[in-house]
Structure formats: structure tokens, C-alpha cells
Amino acid sequence: MGRKGGLFRYGDGVDKLLMFFGTLGCIGDGLMTPLNMFILSSLIDDYGGASNDNNSFTNSIVDKYSLRLLYVAIGVGISACIGGICWTRSAERQTSRIRMEYLKSVLRQEVSFFDKQDGSSSTSFQVVSTISADAHSIQDAIAEKIPNCIAHLSTFIFGLILAFYLSWRLALASVPFSLGFVIPGVAFGKLLMIQGMKMKDAYGVAGSVAEQAISSIRTVYSYVGENETLKRFSIGLEESLNLGVKQGLTKGLLLGSMGMIYVSWAFQSWAGSVLVANRGESGGRVFISALCVVLGGL
């Protein structure tokens, strides 16, 4: 975790310990859906069996599954709390060090460093804003993005394991459909990330123009440079506008690719009915197996 150049390079031993327990907590948080689905599979079978055998669905059965769901809720709640606290605390500690190191690095620079005003280098506006903006982005990634990723990976892995455990035939036939909306999500997500980084740089150019104009508003007004400043600001926003259009198109394609869910449900409904009718599999286990494949893929 602490290798040179990595995201956690400023983490010490305490941070590594916090991230370890936070990872365990996020894995437990991701187990919420698989555990609920496992309990629901037995509940559906008991309810269907009681209806077929003309037996009553007694309060004792309801109490049994209610207690199981309560235990899952308590366990998942504790895990999520541990994961959130540990990752948030570690993110605060690491970003605090990053801010200090960044400020020390800036103060060690020569005066000529702050006079560079071309669009690709660090301007005075970017030097000031990066201390808070980039550090906040890193803190958001450590405290929120990484825990969510671990929790979703846990849901995906254990959901597929549960699907194979409940009905391996249906799960084996349905996995290709789940990949049909996993792969587009990963591909379009990476594309959105690249476009977001480009938009940030584009907004930085326009923001530097606005910052310079506002800080020297008297000079701009005395030399009648309002129109020229507006023109430069508009030119700086053109690239961000084009990137915004591309980003909207990418998001539309991403949402459209989710139509594979309905294709997957259609196939699983047909295959599940065949397994129940001809293979004698349990309806509750088949239904939950199909549901786990879809939820795991999402």
C-alpha cells in the first residue's frame, strides 16, 4: 500500500491498520445482498411448500426468518460502520499529510515558478486551488470511492458464489449475460473518468482567466478589456462544452447498455421454468439464483 508513487504512499502503520479493518468492514457490507437472498430463498420455498401442502404459514416460521434478517442487519450494520469510520479516518490522516507536503514543496520553489502563466503549466490560480481541490479529490477517493468499490466487488463475488450454490445450472448459463452489462459499465466508466479529467483541465484554463480578470478588475476596466476578457473566457469554455456533450453521449450509451438486464431476465425466466418443471429444482432457489446473477452484475 505504501509503495512509491501509489495512492497510499503517505499512509503510515496506523493508516494501514485502519485500511485493513476498513476493508474487512466493506466486505461485510457487501455481504448484505447475498445473505438476504440466501434467507429469502428458504423463505420462498417454505411459503410455497405450505401453500402446496395446505399447511399454514405459522408465526413460528415468520419469527424464524425475521430473526435471521435481524441478525444480518446487525452484522452488516456493524461492518458498514467499521468500514466507514476506518476509511474516513485514514483518508483524513493521509490527505492532511498530502496538504502539508504540497505546501512545503510550493514554498521551496523559486520565484520564477509562480511567473509561469502558460495554459499547460502551473499558474498562480492553479497553485492555490490545487491545495484544496486535488487533496479533496484524493480524500473523496480514499474515503468513499475505494470502500464502495470493495463493497460492490464483495457483492459481485459472493453473489455469484451463492448463485452457483443455489442453482449451478442456471448460474452457469446466465453468467455470460451478466458480463454483458458488466463489461460496458467498466468500459464506459473508464471513458467517463478520462473525459472528466479533461473537463477539469479545461475548466482550469477558463477559471484562471476569470481569476486574473477579477483580481485585476481595475486594470481591465481602465484599458477597456471587458470584451477581450469575455472572449478569452468563452474560448476557454468551448473545450469544456464539447467535452460535456461527449460525456452526455457516453452516459446515454451506458444507460442504454443496461437493457441487457431485460434480456438476461427473459432468458433466466425461461431457463428457470425448465429447470423447475423438468429437473425438479426448487422454485425459490432458482429464482434467487437468477436474482443474484443480475444483482451481482449490477
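The values are calculated or read from the model by the stated rules, or taken from the named source; none is laboratory data. In this text the structure is predicted, and so the values were computed from the model without any measurement. Every residue, glycine as well, gets a Cβ built from its backbone with ideal geometry; the counts of neighbours run over all protein chains shown.
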If we scan the stretch 163-182, do we find a residue that is surrounded by 18 or more Cβ atoms within 10 Å (Cβ to Cβ), more than 30 Å from T88 (Cα to Cα), among the aromatic types (F, W, Y) and in contact (Cβ under 8 Å) with a residue 60 or more places away in the chain? yes
Select from the stretch 73-86 the residues that are surrounded by fewer than 17 Cβ atoms within 10 Å (Cβ to Cβ), among the β-branched types (V, I, T) and within 23 Å of the chain's Cα centre (by Cα) and list them in ascending order. I78, I85
Just name the residue that is farthest from A202 (Cα to Cα) out of those in the stretch 262-293 that are touching a helix residue (DSSP H, G or I) at 6+ places or on another chain (Cβ under 6 Å) and among the β-branched types (V, I, T). V276
Members of the stretch 197-211 found to be touching a helix residue (DSSP H, G or I) at 6+ places or on another chain (Cβ under 7 Å) and not basic (K, R), listed by number: M199, A202, Y203, G204, V205, A206, G207, S208, V209, A210, E211
Residues being surrounded by 14 or more Cβ atoms within 10 Å (Cβ to Cβ) and part of a loop (DSSP other than H, G, I, E, B) - total across the stretch 217-247: 1
Hey, can you tell me all the residues within the stretch 248-295 that are of a type outside the set (S, T, Y), outside any helix (DSSP H, G or I) and in contact (Cβ under 8 Å) with a residue 12 or more places away in the chain? M258, R279, E281
Could you please let me know if Q109 is modelled with pLDDT of 65 or more, out of contact with any helix residue (DSSP H, G or I) (no Cβ under 6 Å at 6 or more places or on another chain), part of a loop (DSSP other than H, G, I, E, B) and surrounded by fewer than 17 Cβ atoms within 10 Å (Cβ to Cβ)? yes
Subset of the stretch 9-56 that is in contact with a helix residue (DSSP H, G or I) (Cβ under 7 Å, 6 or more places away or on another chain) and in a loop (DSSP other than H, G, I, E, B) - its residue that is modelled with the highest pLDDT: L31
Within the stretch 142-156, the count of residues that are surrounded by 15 or more Cβ atoms within 10 Å (Cβ to Cβ), of a type in the set (A, V, I, L, M, F, W, C) and either under 18 Å from G22 (Cβ atoms) or touching a His at 6+ places or on another chain (Cβ under 7 Å) (or both) comes to 5
Here is a list: R99, R89, R93. Which entry is at pLDDT 80 or above, surrounded by 12 or more Cβ atoms within 10 Å (Cβ to Cβ), more than 23 Å from the chain's Cα centre (by Cα) and basic (K, R)? R99
Picking from S121, S129, S154, which residue would you name as being modelled with pLDDT under 85 and assigned to a helix (DSSP H, G or I)? S129
